[in-house]
Amino acid sequence: MTDSLDTRKMAMSGAEPLVLLDGISHAYPNGKVSLTELSFAVHPGEVVCLLGPSGSGKSTAIRCVNMLEPVTAGRLVFEGIDVTAKDVNQVEVRKRVGMVFQNFELFPHMSVLKNVAIGPIVSLKRPKAEAYDLARELLAKVGLSDKGDVLPSQLSGGQQQRVAIARALAMQPDVMLFDEPTSALDPEMVGEVLAVMRKLAEEGMTMVVVTHEMRFARNVADWVVVMEDGRLVEEGTPERIFEQPRMERTRAFFGKLEEQDGVLPTG
Amino acid sequence: MFDVFFDYRGLFIEGLLVTLQLNAIVVVLSVAGGALIGVARHYGGKIVRVVLGIPVDILRSIPLLVVLIWVFFASPMVFGTRYIDPFVAAVIGLSLTQGAYISEIVRGGLASVRSTQTRAGLALGMTRTQVVTRVVAPQALIRMLPPIGSQVAIGIKDSTLASVIAVPELFRQSQIVIGDSMQPFVVLTTLMVFYFVLVMIVVRLIDMLYTRVAARGAS
Ligand SMILES: Nc1ncnc2c1ncn2[C@@H]1O[C@H](COP(=O)(O)OP(=O)(O)OP(=O)(O)O)[C@@H](O)[C@H]1O
Ligand SMILES: [Mg+2]
């Protein structure tokens with residue numbers, strides 16, 4: 001591929017992938033096959049967006065990355081280590097991977113500050129004072145320094161999702177996974193969450209983002225992976241994917257999105 | 001009119017103490033046992049769930065009166081003894097039955113915390129045990145408070161059934177007094193007021209506790 005649109009900056013620098021899905025397959029206990037030989041790489045500092053229609057396996061793929069779902073075949077390589085090997089401690093891997101959920105999943109019985117501090121306190125056995133200091137710092141970073149003492153249920157959806165991002169960041173992860181972080185939000189709150197994510201990306205955080213926000217994918221992603229039916233349809237830079245989609249199924253997917261809300265970003 | 005309470009004070013005081021003691025012991029045993037069984041059935045996998053479900057279902061379907069009489073008259077034969085103390089029999093019968101119901105409340109409470117909360121805990125690098133103690137159990141506990149309160153109230157009322165195996169609890173002592181004094185109206189009415197007050201105190205205390213933490217159970 002000599003196409004200039006298709007150069008992948010991080011890969012070109014010769015860096016090893018931080019996360020490598022190497023032909024992974026996955027099936028749910030009820031037998032439903034959700035991923036078939038899916039492969040893609042995430043390099044350090046890269047933002048990779050996963051796109052695809054509902055049911056294409058995006059959530060499953062992202063959950064496989066932090067081993068919340070067990071892969072049935074293929075290799076998952078994290079920081080150069082094959083973590084699908086039997087003797088790998090999944091808990092240790094998850095400590096290095098942050099995750100943000102569609103429905104926030106804040107812990108309703110804890111204050112906002114404690115939500116952010118709980119990971120370091122429980123998983124990393126950090127001293128409480130240190131964990132709370134970091135939590136306050138991170139709440140300030142997501143613009144919620146005055147909300148530490150309230151319960152999550154007293155916050156708006158956008159605020160809850162920003163807390164959830166702070167909670168994941170508190171583990172000081174090497175990579176952050178986002179599964180449709182704005183899909184459960186009222187339209188007026190989408191912007192504040194995307195702004196925080198954009199800031200993270202600019203700071204060089206490695207991110208894997210499942211999203212239907214095409215403008216975000218277009219402007220922030222370094223690499224876009226299009227999935228359908230548990231398989232990779234195509235991958236490339238956002239410029240290339242959005243401007244010159246090669247596969248009919250990608251075009252069909254974009255066409256449907258456009259029909260729905262007319263928001264396919266160009267240029 | 002209320003002379004009867006003074007005249008038979010020895011019987012009433014014994015009855016009051018036995019009723020309070022019996023219920024205190026039954027609450028502790030049934031909540032502890034119910035919690036153990038409920039947790040085991042929720043987290044123990046299919047075999048544990050099914051095996052422990054058998055005694056739970058049996059106890060929930062047999063009338064408490066029959067359980068009490070069986071424990072008192074029949075169980076000594078099973079264990080090769082001739083006699084079991086009525087108070088001990090009442091503790092066993094009531095705790096088993098109450099524990100069975102409470103185990104179902106505990107199981108339902110744990111199941112009511114959606115699995116995505118577990119995922120969120122795991123994603124933060126917690127172990128399964130940490131997820132249970134830090135994330136799932138506190139939320140489940142809040143939701144369990146009101147139904148456990150109701151079940152404890154039922155247990156207190158049902159403790160009067162222990163009178164049939166001659167446990168000298170308040171209802172049994174009252175019947176003795178009535179037989180002797182021929183004053184059913186004042187004794188039984190006072191007894192009703194007593195149970196009303198006792199149950200209301202317990203229910204209101206649990207309600208107050210729940211109101212304080214309810215916001216933390218919202219999700
Ligand atoms: N717990 C489950 N048990 C069985 N099948 C499941 C389960 N979760 C998802 N699936 C199925 O697996 C496939 C992939 O699901 P997944 O949630 O990964 O898709 P998705 O791309 O994230 O979709 P969406 O955009 O709707 O979130 C779908 O066909 C879905 O129905
Ligand atoms: Mg999904």
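The values are calculated or read from the model by the stated rules, or taken from the named source; none is laboratory data. Computed from a predicted structure; not experimentally measured. Positions of Cβ are generated from backbone atoms using ideal geometry, with glycine treated the same way; all protein chains shown enter the neighbour counts.
What to note about this one:
- Contacts under 7 angstrom Cβ, first residue in segment A:58-84 being within 15 Å of A:Val208 (Cα to Cα) and more than 13 Å from every other protein chain (Cβ to nearest Cβ), partner within 12 Å of ligand 1 (Cβ to nearest atom) and part of a loop (DSSP other than H, G, I, E, B), 6 or more apart: A:Lys58/A:Gly52
- When segment A:29-88 is filtered for residues that are polar (S, T, N, Q), in a strand (DSSP E or B) and more than 16 Å from ligand 2 (Cβ to nearest atom), the ones remaining, listed by number, are A:Thr36, A:Ser39.
- Of all residue pairs spaced 6 or more apart or on separate chains, those with beta-carbon atoms under 7 Å, a first member in segment A:202-221 that is within 14 Å of chain B (Cβ to nearest Cβ) and a second member that is more than 15 Å from ligand 2 (Cβ to nearest atom) and among the β-branched types (Val, Ile, Thr) are A:Val208/A:Val42; A:Val208/A:Val48; A:Val208/A:Val175.
- Strands (runs of 3 or more DSSP E) completely within segment A:175-254 that count 3 or more residues being within 16 Å of ligand 2 (Cβ to nearest atom): A:175-179, A:206-210, A:223-228
- Test for A:Gly143: is it modelled with pLDDT of 95 or more, at positive phi and away from chain B (no Cβ under 12 Å): yes
- So A:Val112, is it more than 16 Å from ligand 1 (Cβ to nearest atom) and in contact with an Asp or Glu (Cβ under 8 Å, 6 or more places away or on another chain): yes
- Which numbered condition A:Ile121 fails, given (1) away from chain B (no Cβ under 12 Å); (2) of a type in the set (A, V, I, L, M, F, W, C); (3) farther than 19 Å from A:Glu192 by Cβ: (1)
- Residues of segment B:72-90 satisfying the condition of being within 21 Å of B:Val152 (Cα to Cα) and surrounded by 22 or more Cβ atoms within 10 Å (Cβ to Cβ): B:Ala89, B:Ala90
- Test: residue in segment B:129-140 that is more than 12 Å from every other protein chain (Cβ to nearest Cβ), within 27 Å of the chain's Cα centre (by Cα) and free of Cβ contacts under 8 Å to residues at least 40 places away in the same chain: no
- One residue from B:Ala153, B:Ala123, B:Ala162, B:Ala111 being within 30 Å of B:Ala40 (Cα to Cα), within 14 Å of chain A (Cβ to nearest Cβ) and of a type outside the set (D, E, K, R): B:Ala123
- The single condition among (1) more than 18 Å from A:Pro238 (Cβ to Cβ); (2) surrounded by 15 or more Cβ atoms within 10 Å (Cβ to Cβ); (3) more than 7 Å from ligand 1 (Cβ to nearest atom) that A:Ser34 does not meet is (3).
- Breaking point among (1) away from every other protein chain (no Cβ under 12 Å); (2) under 21 Å from B:Ala215 (Cα atoms), for A:Glu192: (2)
- Condition check for A:Met110: within 11 Å of another protein chain (Cβ to nearest Cβ) and within 29 Å of A:His212 (Cβ to Cβ): no
- Neighbours by Cβ (under 6 Å, 6+ apart or cross-chain): first from segment A:97-109, farther than 11 Å from B:Arg119 by Cα; second within 15 Å of ligand 2 (Cβ to nearest atom) and outside any loop (DSSP other than H, G, I, E, B): A:Gln102/A:Asp179
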